[in-house]
Amino acid sequence: MIHRISALASVVGVVVGVMLLVIGIRDYRAGASALWPVLGTAVLLSAVYRLVLDVRDLRAGPDA
């Protein structure tokens, strides 16, 4: 059960990362700092990495 909760939290993290990236790109085009898209990309990549690890744990089954 804990693996499912962790995977669900990772999915939420990916959604938040995508939103942060989209907002960062939009704000950058409006004249904000170039660090916003970089931060959004970093958050998104780390969330996707965590999601991949959680999905691998789900597929391994309860014995792993």
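The values are calculated or read from the model by the stated rules, or taken from the named source; none is laboratory data. Quantities reported herein were computed from a predicted structural model and do not represent experimental measurements. In this analysis, Cβ positions are derived from the backbone assuming ideal geometry, glycine residues included, and neighbour counts consider all displayed protein chains.
Is it the case that Leu35 is surrounded by 12 or more Cβ atoms within 10 Å (Cβ to Cβ) and not small (Gly, Ala, Ser)?
On the way: surrounded by 12 or more Cβ atoms within 10 Å (Cβ to Cβ): no; not small (Gly, Ala, Ser): yes.
The answer is no for Leu35.
Within the range 9-21, the presence of a residue that is on the phi < 0 side of the Ramachandran plot, at pLDDT 95 or above and hydroxyl-bearing (Ser, Thr, Tyr) is excluded. Considering Val12, Val18, Val52, the condition of being in contact (Cβ under 8 Å) with a residue 12 or more places away in the chain, β-branched (Val, Ile, Thr) and part of a helix (DSSP H, G or I) is satisfied by Val18 alone.
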